[in-house]
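Q: Structure in structure tokens, see below.
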Amino acid sequence: SGPGEYSDAEGSAVCRTAPAGYKPRADKKALEICSAGKYSVGGASECISCEDGKFSAEGAVGCTAVATCGVGKYIQSPSTSTADTICGVCTKGTASLGDQVACTLCNGEGEYSDADGATACKLAPAGNKPTENRENIEACPKNTFSTGVSDTCTKCPEGGHSDIGASACDFCGQHKLLNDTLGGCNCIDTFVLDDNNKCTCPAGMTLDGERCVLCEKAKFKLTLGVQSCASCEDLLKGAITEEEGSTTNSSCHCPAGTFDNLKEEDRRCEVVDEGVSEAIEGMTLESLSLEAGFWRTNKLSLDIRQCPVETGCVGGNSTDEDGYCLDGHEGPYCSICKPGYSADAFGLCNSCEMTSANVGSTLGFTIGVILLILLIRFTVKKHKKKKKTDGDDGEGGEDEVDKKKPGHLKRLKNGAKILLAAFQIISSLPTVIPSVALPPNVEDAIGSAQVLNMNPFTILPVGCWSSGFNFYHTLLATTLPILIVCATLFALGQIRREHGGAFFTTAAIAILYLTLPMISTTVFKVFPCDDFDDERSMLRADYSISCLDSDRSFWVFYGWLMVFIFPLGVPLLYFRLLWTKRNGLKSEERADDESLLSIKFLWEPYSPLFWWFEVVDVSRRLVMTGVLSTIQPGSYTQLSAGLIFSFAHTLLVGILKPYGEISDNMLCILSGCQVILFYLTAYFLRAKAAALEPYDSTGMGYVLIATFIILLVLFVSWALHQKDDMGTSSDKIASNVLKGKREKKDKTNKVEVGDVELTGLERNSSSFFASSNPMRDDGLDGAGMTGKAGSKDDRGGGQCRESNWKKAVDEDGNEYSYDETSGRTTWSDKSQADDDGEGK
């Protein structure tokens, strides 16, 4: 019955005491364990309940204080008397200070917990923010920042930037902007970084407000910086730049049409002279680009000159005078031929191989001219023979040879002389005007026709045979032989005056006539010299000869001597020969005057009234070939002078009609018009060469060539056509006006003239015999009359003049009669009177 006593066996003598953790059963016969929440230290009848804050397990000998959940933990299950407290560990993103029934969430501004069992939440440092689950932090992205304890990162304001995890934004300096793609600050458009990491304007640009702009044209900037652009005007007046934004002072250059004069004190852009390209910018005095056809002495020369032979000067830029020249050319104006080359008629240097071909074409042309002359002569003889044969069939037939008109040979000779004069003037153009502008096909034709100019040195490639042959040698070769030959012929003419001396005199006159233009052109070329800016003075006719040479005075003297002998002496000689015979030359029967035969070459083409006109014609040829060569070659002055002289001579012939045959007058006028046409063409091409199409140039050439052919056809046609009034003299054509007043004559009346007897019918058969009848008085009104020479007849109110008729034979063997008193001429053959009835 004592505390804690029990007896678990019958017959026990002694009661047992309940051990710790147990208590006796209520019947005291056994033990029972203390239930959880109670304990027993033994020897106790009841288990003691655990006090608050303690618990015990079943059979506990004592109570255990309940556990407390410390920091970082939370009470997952609270304690009871029978069980201890169960604590849970706070996970990331939460925290606990202990004895909390739950962990505290880190949801405060900038709070986070990055480990389990956190006693407290952490605060996000600057440059970071908590992750969305608050279990960690993350750095602020670029261009954002956080000063810390913040749930978010703040975006940098405009102009600012930051790296990852920035606690503050950096701001770009002046003229910088953030590069969202690459990051960092980059210079805004048009700016560049300098050595100090500052943005500034690059070379060639200047600051304008908040941006860099290109330097204007005619300005430049050499370095980085925001300073203003420098003006090219300060370096070179009038200069420009090719583009905006120039970065060097060398960009400053002169605009097209000007050049840098390179002067130190007054450097400026000057307007280019004629002959310099106007299409190129940036030229300096040294780099002037010359147009084709122009030349200068050296790269510092401002004396730009047009080349006499424009084709020889290719232009461009060169450091020496030969650099402007076509292959084969060198020297001043590129007018000297290099070894292996020879100049043609136009002064163009051709290789000796090509020159041989050119000589062949010239020889071919010469042979063609000779064959043409032989053909014409053969045709004339055949035509004349046929006429005479037809005339034998019946006296007075219409096909008989007209003995009253000039013979075919005479017509050919006079017409050929007129054409030769014109063709010599035209063929001398390359020599007189080396830079003459003519269509290429005309130049080829003129080059082949140089034989007409009687100058072998324009035909033969002398430069291929002798490199030392110069103009002075040409002068001697063209004057001395002619002078010696003609002097010899004149001397023989005087010595054999009574025995065919006229032939030698005529030959001398003819030689002078043929060669005078060539000689005069050559002689006048002795004098003009060209002075250059490099202190040279060169002979214009041959730029390999210096006018400063010691022997220059001799050649000038020789030139003046030849001027007095040929250009002045020959016209004076012609005039003296004609003047001393003027009385005989005025007579209608001058053809029979043997004293005039020696100078027949001078007066034969002209009517008696114009016995002196050969002096005018030869003077015209001298002016057009010799005098013109003293004027600046190729200048408008030279072309204008040639045009005026040609027009004046043609007009004079048109007014005076000096030739004895109308056909010759017309031929001379037409040939003069042809020369005028050539000068007009050269003038036009000189002014419009740049705009002229090749088609037009070739077409103009064909037109000029056609004029040659037309003149030749007219010349031959008129020479062969005997029944056309074009073959009659000008004074006879005028008498046709009176034809109507003379046709009332009695067709049966006769006029006896010495041994010549003509019927009225025969007189009227001519278109103008009635008005030119030497035996008829002007007072006759057409009434019939018959009379002897020297008799008087009052019928019809008229009266015959006193006359003294004689017979003679012309150069073609035709017999005719002439009146010594009146100078009238008629023909003895009645059949001829029937054909024409013309009196000379």
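The values are calculated or read from the model by the stated rules, or taken from the named source; none is laboratory data. Keep in mind that what you see is a predicted model, and the values were worked out from it rather than measured. Positions of Cβ are generated from backbone atoms using ideal geometry, with glycine treated the same way; all protein chains shown enter the neighbour counts. Protein only, heavy atoms only, side chains kept; ligands, DNA and RNA dropped before computing areas. Shrake-Rupley method; radii C 1.70, N 1.55, O 1.52, S 1.80 Å.
Q: For the range 60-69, just list the computed ³J(HN,Hα) in residue order, Karplus coefficients 6.51, -1.76 and 1.60, θ = phi - 60°, integers in Hz, with x standing in for Gly and Pro.
A: Running phi through 6.51 cos²θ - 1.76 cosθ + 1.60 with θ = phi - 60° gives 6, 8, x, 8, 9, 4, 5, 6, 10, 7 Hz.
Q: So which GluC sites (Glu not before Pro) in the range 108-215 end up in coil per DSSP with only 13 or fewer other C-beta atoms within 10 Å?
A: 109, 132, 158, 210
Q: Let me ask something additional. Pulled fully out, how much extra length does the chain show between residue 319 and residue 587, if you take 0.36 nm times their separation in residues and subtract their Cα-Cα distance?
A: That pair, residue 319 and residue 587, stretches by 89.4 nm at full extension.
Q: Students sometimes get this wrong: rank 479, 258 by accessible area, probe 1.4 Å, all chains present, largest first.
A: If we order 479, 258 from most to least accessible, we get 258, 479.
Q: If you don't mind, another one. Which loop chymotrypsin sites (Phe, Trp or Tyr not before Pro) in the range 24-104, with loop taken from DSSP, have no more than 10 other Cβ atoms within 10 angstrom of their Cβ?
A: The qualifying sites: there are none.
Q: Sticking with the crude label model, points 7 Å out along Cα→Cβ, report the distance from residue 131 to residue 549 in nm, one decimal please.
A: Output for this residue pair reads 10.9 nm.
Q: Whenever you get a sec, compute what percent of the accessible area on the range 152-254 sits on carbon and sulfur atoms (1.4 Å probe).
A: Whole-percent figure for carbon plus sulfur exposure: 47.
Q: Sticking with this one: Provide the percentage of antiparallel DSSP beta bridges, counting only those with both residues in the range 118-271; round to the nearest 5.
A: Bridges in the range 118-271 are about 90 percent antiparallel.
Q: Quick one: length gained pulling residue 91 to residue 168 fully straight, 0.36 nm per residue minus the C-alpha distance?
A: 24.5 nm
Q: Per-residue counts of other Cβ atoms within 10 Å, averaged by peptide: what ranking do you get for 298-309, 580-591, highest first?
A: Taking the mean over residues of other Cβ atoms within 10 Å, the ranking is 298-309, 580-591.
Q: In this model, which of 417/586; 417/525; 198/219; 263/299 are farther than 18 Å apart at the alpha-carbon?
A: Too far apart for the 18 Å limit: 417/586; 417/525; 198/219.
Q: Give me the percent of the accessible area of the range 83-134 that comes from carbon and sulfur atoms, probe 1.4 Å, all protein chains in place.
A: Carbon-and-sulfur percentage of accessible area, whole number: 53.
Q: On to the next question. At 0.36 nm per residue, and after removing the present C-alpha to C-alpha distance, how many nm does the segment from residue 188 to residue 594 gain when stretched out fully?
A: 135.0 nm
Q: Through the Karplus equation 6.51 cos²θ - 1.76 cosθ + 1.60, θ set to phi - 60°, convert the phi angles of the range 632-649 into ³J(HN,Hα) values in whole Hz; use x for Gly and Pro.
A: 3J(HN,Hα) across the range 632-649, in whole Hz: 3, x, x, 6, 5, 4, 5, 5, 5, 4, x, 5, 5, 4, 5, 5, 4, 5.
Q: I need the phi-derived Karplus couplings for the range 665-680: 6.51 cos²θ - 1.76 cosθ + 1.60, θ = phi - 60°, integer Hz, Gly and Pro marked x.
A: Each residue's phi maps through the Karplus curve to give 4, 5, 4, 5, 5, 5, 5, x, 5, 5, 4, 4, 4, 5, 5, 5 Hz.
Q: Name the GluC sites (Glu not before Pro) in the range 1-44 that are in a loop by DSSP and that have at most 11 other C-beta atoms within 10 Å, would you?
A: Those that pass, being in a loop and sparsely packed, are 10.
Q: Need the C-alpha centroid separation for the range 588-610 versus the range 269-328, integer Å.
A: 58 Å
Q: I've got another one for you. Show the residues, 5+ positions off or on another chain, whose built amide H is closer than 5 Å to the amide H of residue 115.
A: Long-range HN contacts for residue 115: 93.
Q: Continuing with this model, one more query. Would you grab the residues whose amide H sits under 5 Å from the one on residue 64? Only those 5+ places off in sequence or on another chain, please, with H modelled 1.01 Å from N.
A: 55, 56
Q: Within 12 Å, Cβ to Cβ, of residue 205, how many net charges do the neighbouring residues add up to if Lys/Arg are +1 and Asp/Glu are -1?
A: That works out to -1.
Q: Can you put 152, 515, 247 in order of accessible area, largest first, using a 1.4 Å probe?
A: 152, 247, 515
Q: Further, regarding this structure: Evaluate the distance, in nm, between pseudo-label points positioned 7 Å from the Cα of residue 181 and of residue 499 along their respective Cα→Cβ axes.
A: 11.8 nm
Q: Please compute the per residue accessible area over the range 167-271 with all protein chains in place, 1.4 Å probe, rounded to a whole number of Å².
A: In whole numbers, the range 167-271 has 60 Å² accessible per residue.
Q: Follow-up. Could you pull out every residue, at least 5 positions away or on a different chain, whose amide H is within less than 5 Å of the one on residue 89? Hs are placed 1.01 Å off N in the peptide plane, and Pro or chain starts have none.
A: Residues meeting the criterion, in which the H sits 1.01 Å from N, are 74.
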